[in-house]
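First comes the structure, then the notes that go with it.
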Amino acid sequence: MLKVFVGLADRCVGDTEMHDEINLSYIGLTELETRVLKSIFTLAPQLSENFFLAAPDHLNVADVVLVNADDPESVQTWNELSRKNRLMTSLMLTDNINLTGGDFKIQRPIRVQKLVSALEDIVAQTQTSLEIADSDVATELRILVVDDSYPVRKYMEHKLIELAQAPINICFASSGEEAIEQAARTRYDLIFLDVMMEGVDGYKTCKTIKANEDVYIVMLTSKKSPFDKVRGTMSGCNAYITKPPSDERLAEEMNKCLARRPDLIDNPTRASAQ
């Protein structure tokens, strides 16, 4: 089952504010398809417990948009929307199994398992990373983002690429356990680590990674008390940022890591995410 939060975020199209909710909306569905979609959310707990279904007039809060890919007007609406908010992901509904374009697709008719599978694939998009060979270390700044929230991972991907002053490669983990495993096999330059996660929390994750790797770790948290900052310092983190992080703070921490990698500063290679 997907481990995400439900709710309706208060944000506008084009905003890139950090939030925890995953909201699904839709464009151009027929009246029957809309009824089927609402029924699925009513009857399928694996969806209703983990996603919020937002009406089309709430497209501005959507993280994932189900688009009628066979209707040119709907596709145009999606294209205009995605240009304003690059954090949104499309799920194209089509009769054409060979359809190209869009982020993800499912074939009509809408069925519970097909929809669940597609949404799981979307969330998993920023939960995994590829193993990185040591021979690649000198070519780009390796960054690991650890957070159990899909929207937060998407936000960090967007912001880090936007702020990068040198070539970067971004990988993701959705839990402390995944982060520890990935850090054991991959040499990262910088880790952005969420504090509050199910299972192994950020403090224990940081301490475990620091015991084995000399990596720069920035804790990300919504907590603001001095005690939490002390806990972060005791766990070995290099910096502590309160969510939502400002562009200035993210850039500051990336630049500190770049100072340890002067070979990357004049490298024009594009940033990438895995």
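The values are calculated or read from the model by the stated rules, or taken from the named source; none is laboratory data. Because the structure is predicted, anything quoted here is derived from the model rather than measured. Cβ placement follows ideal geometry from the backbone for every residue including glycine, while neighbour counts extend to all protein chains displayed.
The set of residues in segment 156-173 that are small (Gly, Ala, Ser) and at pLDDT below 90 comprises Ala164, Ala166. Taken over segment 35-80, the criterion of being among the polar types (S, T, N, Q) and under 14 Å from Ile110 (Cα atoms) is satisfied by Ser39, Asn68. Looking at this structure, is Arg35 outside any loop (DSSP other than H, G, I, E, B), surrounded by fewer than 19 Cβ atoms within 10 Å (Cβ to Cβ) and within 24 Å of the chain's Cα centre (by Cα)? No, not satisfied.
I'm trying to understand the selection: among the residues of segment 79-118, which are modelled with pLDDT of 85 or more and touching a Gly at 6+ places or on another chain (Cβ under 8 Å)? Matches in segment 79-118: Ser90, Leu91, Met92.
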